[in-house]
Structures are given as C-alpha cells and as structure tokens.
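What follows is calculated from the coordinates using simple rules that are stated; it is not laboratory data. Every value quoted in this text rests on a predicted model; they were computed, and no experiment measured them. Quick reminder, even Gly has a Cβ in these numbers, built from the backbone with ideal geometry, and neighbours come from all protein chains shown.
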C-alpha cells in the first residue's frame with residue numbers, strides 16, 4: 001500500500017458513486033448478484049491475488065463463460081464489490097444525530113470506534129483492498145482508493161475549518177497539512193494493528209484504540225490538557 005501511495009494521485013471523478021449500467025432481465029440480474037456474492041466470498045477467503053475467476057464462478061454456481069458476460073475480469077467485479085463497501089464506511093463514520101456542530105473529543109472518539117469496528121468486521125476485505133491498491137495490475141482501482149481517502153480528509157479539514165470559524169483554532173492553522181497528517185495517522189495505525197498483523201481486537205481494545213487516537217488528535221491541536229475536557 002505504501003508503494004502505491006507514492007504514485008502521483010490521478011484525477012478522481014466520483015469513483016465511489018453509483019454508475020448507471022445497462023438493464024438486465026430478471027434472470028440476468030439474479031446471475032449478476034450471485035457473481036457479486038461469490039466474488040466477495042472469494043476475495044475475503046483468498047485475498048486479491050489468490051482469488052480467481054474460476055473461484056468466483058464456482059462460488060456463484062455458474063459457468064465461467066457466464067462470468068465474462070457480466071464482468072470483463074476480476075478487477076472489475078472487485079471494484080463493484082468495494083464501491084458499496086467503501087460507501088458504507090463513509091456512512092457509519094459520518095456525523096450522527098445529536099452530534100454538536102463543532103465535533104468534541106468524545107464524539108471524535110465515538111467516530112473512531114465506528115471506524116475501527118467497521119475495519120475489524122470487514123478485515124479480510126480490507127486486506128484484499130490494500131493488496132489491490134498496491135498491485136501494478138490494478139491501476140484502475142487506485143483512483144477509488146484515493147477518492148475514499150480524499151473524502152475522509154475533506155471531513156477532517158471541514159472540522160478544522162469549523163474550529164477556526166468558532167475561534168477555537170487560530171486562523172494561521174494549516175488546514176491542508178494538518179488534516180492529511182491526522183487522517184494518515186489514523187489510517188496507518190489501524191492498518192498496522194488490524195490489517196498487517198491480521199488481528200481481531202475485542203470491544204475493549206477497540207475503545208482503547210479509539211480514545212487514544214482521539215486524545216492524540218486533541219493534544220496535537222491544543223496541547224493544553226484543559227482543552228481535552
């Protein structure tokens with residue numbers, strides 16, 4: 001993944017959004033759905049590199065020829081699986097009912113809990129996604145990964161701007177740099193603890209990780225301990 005992130009980021013054009021596609025018959029839609037479910041199972045069990053078209057077709061109970069009537073190759077179907085998966089990640093970590101207009105440390109920690117929990121529940125799919133993002137054979141996937149990161153960074157930058165607007169942070173705050181630095185800290189920490197080490201933290205550990213990351217963010221921004229309360 002780190003190798004992939006050193007590439008120049010391509011221009012992203014709503015890669016995560018739902019795209020229109022030709023309408024299929026009821027039978028065709030059913031086959032396509034079976035292939036998507038079979039592909040998710042294959043990628044979760046075998047990873048991006050290990051999963052083959054034959055595995056996907058076998059899981060779906062259809063002939064390999066039927067696979068190619070719906071998808072060009074395994075990269076295309078993998079991207080179709082990841083789009084709603086990534087949209088789900090953005091949704092569960094978004095602003096919730098009852099959140100204050102300026103996110104507090106406690107709300108930030110709760111958002112981290114939802115982020116880490118989602119990561120843990122879908123650990124195997126995240127592993128496959130990191131493999132794909134780092135693979136030279138899947139450059140078409142990289143813009144989707146970049147867009148996901150950019151949307152997370154945009155949230156953090158928006159939060160920083162709200163702190164500036166409310167006089168909590170000085171106007172000299174470098175929103176672009178700090179927003180990306182904080183976002184990268186969370187992503188890399190969770191990647192190491194859950195993806196690279198392939199660990200499954202329990203709820204207590206998830207809450208400890210979430211609170212520690214929130215405290216680090218708060219101290220990085222405010223330094224003084226009374227600002228954390």
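Structural remarks
- For the stretch 107-172: rounded, prolate or oblate by the Cα gyration tensor [a/c cutoff 1.5]: oblate
- Note on residue 104 and residue 54: the extension gain reaches 13.1 nm, defined as 0.36 nm multiplied by sequence separation minus the Cα-Cα distance.
- Rounded if a/c under 1.5, otherwise prolate or oblate - the stretch 40-132, Cα gyration tensor axes: prolate
- As a proxy for reagent exposure, 130, 48, 68 were ordered by neighbouring Cβ count within 10 angstrom, fewest first; the result is 68, 130, 48.
- Cα gyration tensor category, rounded, prolate or oblate, for the stretch 116-229 with a/c compared to 1.5: oblate
- Gain on full stretching of the segment that runs from residue 33 to residue 166 - 0.36 nm per residue minus C-alpha separation: 43.1 nm
- Note on residue 216 and residue 176: the model spin-label points, each 7 Å out from Cα along the C-beta direction, lie 2.5 nm apart.
- Separation in nanometres of the label points that stand 7 Å from Cα toward Cβ, at residue 69 and residue 25: 0.8 nm
- For 64, 164, the sequence from fewest to most other C-beta atoms within 10 Å is 64, 164.
- Sorted by Cβ density within 10 Å, fewest first, the residues 212, 135, 172: 172, 212, 135
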